[in-house]
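Each reported figure results from applying straightforward, stated rules to the coordinates on display, with no laboratory input. Note that the coordinates shown come from a computational prediction; the quantities given were computed from them, not determined experimentally. Please note: Cβ atoms are built from the backbone with ideal geometry, for glycine as well, and neighbour counts cover all protein chains shown.
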Amino acid sequence: MARHKTRTGGTMEMIETKLNGKDEDCVGKSTNSQTIDDVLTNIVGASGLWQFIILLLGVIGLPPYEMFSVYANTSPKYRCRMDPDLENILGSVTFDEAYRLLHGENSTKNGRPSDLVYPAECYHRLSKFPNRTTFADTGDYTYSEAIWSSWISDTPTLCTRGYVYESRENMYPSSIVQSFDLVCERAWLEPFSTTLFMLGMLFGYYLGGWAGDRFGRRPTVIFWYVIGTLTGFLTSLSPNVITFCFGRFVLGAADSARTTVLFIFIFELTTPRCRSLLCSVWTISQSFGARALTTLLAYLIPNWRWFNAAITAVGLIGCLYLFMAPESPRWHLARGDRNEAIRTLHLGYRINHYGKRAPEDAFNSLFLPSPFAVDTANDKITLDKSKRVKPCQRLQTVMKSSTIWELFRSRQSLFRLALGSVVFLCHIYCYYGLMLYGNQIRGNIYIVAIINASSALPGTLVSCILYRVYSWRKRPLVGVFAVAFCTSLIAAICALTKIDTNDIMLTITVGLSLAMLESAMDMIYIYVPELFPTVLRSQGLGFCAGFARFGSTVCSFTNSLDSSWAHGVPIVFYTVSIGLAIGALLALPDTRGHDLDEVMARDKALGVKHLGESPI
C-alpha cells in the first residue's frame, strides 16, 4: 500500500506496518508476512478449480423455491358448483358458457377479452332452479334458452357447494388455488402463502448470519440443507393450506440461511478483485441455470405437488457439499486459529494445482488480521500497546462477544446498516415483484419465465465487467440502478397507456429491468459486506438482506393491484422503489474493493471525514 505523507506521519507508519502484517505478536518479526489475500493470489489461487467446485456444489443444493409461486400460484377460472342435476346440463357446454349462464354476461379485464372478471361475492343467479323432485319428473336434461331464463333470479345467491375450476390459457395447469379452494373468502391465502415464504427468508437471513459467525460456515450450511430437503418433500404432501403455508415458511428460512452463509463463504475464498467473477458465476448458475431448469420441470410436470418434489430432488445433488467443502480460512483466522486456516489453504492449493502439494513452509508467512483495538462505541482506533492485548487473544474475545448488537454500537456502523438495508429492501421488492409479475403479462408463462431467467446473463456480464474495470463499488451500482429506473418507467407507461395490447413492449422492458436488477444484485452482495469488519460481515449482510424480505412479503399483494386497479400499476410502485434505492446509495461511502478494517485505519490516519474518500 502506498505511503501517505501527512501530519500524522508516525501514526501512519504504524498503521501501514499493521495493515501489511508486520506485527510481532503472532507471527514473529518476519518482514515478508502476507495477508490471506496475498496468499490466495500468489500461492493458492484466487479463482481456481477449488473455488468453482465449492461454488457449484453450493448452487446445486439451493433449489429456486421462489420460482414455485410463479407457476403454482396462478389463478384459474372458477365458477360455482351447482346441484348434480344442473351440473349434468352445464357439462354439455363450455366453461365460459357455463360461467355466463351462472353469473351473467362475460366481462372484460383490463381490456383482455379472453379473461373473465369473477364476482367478489362468488354468487350464482339460479335460485329459481327447481328442486330435485320437480326436475326429476320432467326428465329434461337438455339446455334451452327458454327453460334457463325461467330459472334466473335477480337476487344473487352465495355458492354453497364449492367451485369448478379450469386452467387459464398459457398458464400452469395445476394450482394451489384449486387444490385448497383459495377463492372468495379464502382468496387472501394465495398471496399470503408467498408472504410466509418471504417471511421465512427474513427469519433465515438473521438466523443464518448469526449461526454462520458463531458456529462456522460449513456446519450452518449442512444443518439448513437437511432441514430444507426434508421440508421440501413434506410440503409436496400437504393435506391442507395450513400445512402448506407452514412448509413454505420453513423452506424460505432454510433457503435464505444457506444462501447468506454460502455467499459469504464463497466471498471469503477469494480476493476482492476476483469476487465479481465468482459472484457472476453464482448468478448465472442460480438465476439463469437453476431457474431455466425449474421452467423445464414445470413444463414437463403439470402437477404442483410433483413439481415441488422434483425441485427438491434435484437439490439432493448438493449433498456432495457435505463431503467436499471445508470451513472458511478467514473464519478460522478471525477466531485466531491459524493452523486450521493453513490446513484449509493446503487443501485449496492441492485442488487448484491438480494434486500437487504445497511446500510445508508455503504458508508460514501468513499472519492474523491486524490487531487494532477498535472502539466501536466512539469510533476510534487505539494503537497504544499498553492498552492492547495480543492479537490472537483479542480476536478470540471479539468472536465470542460479537453479536448482532455490535452493529448498533457505532453511529457510522448504524448509518451504513440502515442505508444498506434500504438499498436491499428496495432492490428485493422490485426484483421479486417483477419476477412474480410474469403471470400477469399476456403471453405464455413458460416463455415469459425463460425470458426473465435469461436476463441474468447480460446482467451478470455487466456487473462482472464493471467491477473488474473499476475499483469503485458504489458508482457502477448507481449506474445500473439508473438504467433499471428508466426501463421500468417505460414499462409502466406502456402498460398504463395501453399502447401495446399484446404486452410485447412490456415483456421486453421488464426483462431489461430484471437484467439490470440482476447486475445490481451481484454488486450489492459484494459492496454491502465490505462495509462491515470480518467478524461482523456475515451478520451485517444477513441483517440487510433479511430486512429486505419485508419488501418481498408485499410484492405479491402489489401485483394483485394489476387486476383490482389497472394493468401496469404494480410497475409504478417498483419504479418509485428503484428511485429510493438510488437515493440511499448516494449517501453511502464507497469501499472501492478494500476490506473495511483496512479502509477505516487508512482513512482515520489521513483524517478524512467520510469512509472511503481517501486515495487508493
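Worth pointing out:
- FRET efficiency, residue 226 to residue 340 (Cβ-Cβ, R0 30 Å, nearest 0.05): 0.80
- Karplus (6.51, -1.76, 1.60) ³J(HN,Hα), θ = phi - 60°, over region 414-421, in Hz, Gly and Pro reported as x: 5, 4, 5, 5, 5, 6, x, 5
- Each pair of Cα atoms in region 407-606 enters the Kirkwood radius, and Stokes-Einstein at 37 °C and 0.692 mPa s then converts it into a translational diffusion coefficient of 188 µm²/s.
- Given their separation in residues at 0.36 nm each and the Cα-Cα distance between them, residue 306 and residue 94 gain 73.5 nm when the chain is fully extended.
- Amide H within-cut-off set for residue 163, under 5 Å, with H built and near neighbours excluded: 81
- Segments 297-304, 493-500 sorted - mean Cβ within 10 Å per residue, highest first: 297-304, 493-500
- Distance from region 173-229 to region 246-310 (C-alpha centre basis), Å: 13
- Point-charge dipole on Cβ atoms (K/R +1, D/E -1) for region 407-606, about Cα centre, debye to 20: 440
- Farthest positive-ward along region 407-606 dipole, Cα basis, beta-carbon charges - from 581, 459, 486: 581
- Ordering 571, 427, 443 by the projection of their Cα atoms onto the charge dipole of region 407-606, which places +1 on the Cβ of Lys and Arg and -1 on the Cβ of Asp and Glu, puts 427 at the extreme positive end.
- Förster-model FRET efficiency, 22 Å R0, residue 233 and residue 323, C-beta, rounded to 0.05: 0.55
- Under 5 Å, built H, 5+ apart or other chain: amide partners of residue 269: none
- Chain lengthening between residue 468 and residue 85 when straightened (0.36 nm per residue, less Cα-Cα): 130.8 nm
- Computed from the Cβ-Cβ distance with R0 of 22 Å, the FRET efficiency linking residue 501 to residue 158 stands at 0.05.
- Residue 366 long-range amide H proximity, modeled H, under 5 Å: 34
- Per-residue ³J(HN,Hα) for region 174-185, Karplus 6.51 cos²θ - 1.76 cosθ + 1.60, θ = phi - 60°, Hz, x for Gly and Pro: 10, 8, 5, 4, 6, 5, 10, 6, 8, 10, 6, 5
- Burial ranking of peptide ranges 357-363, 312-318 (average Cβ count within 10 Å, highest at the top): 312-318, 357-363
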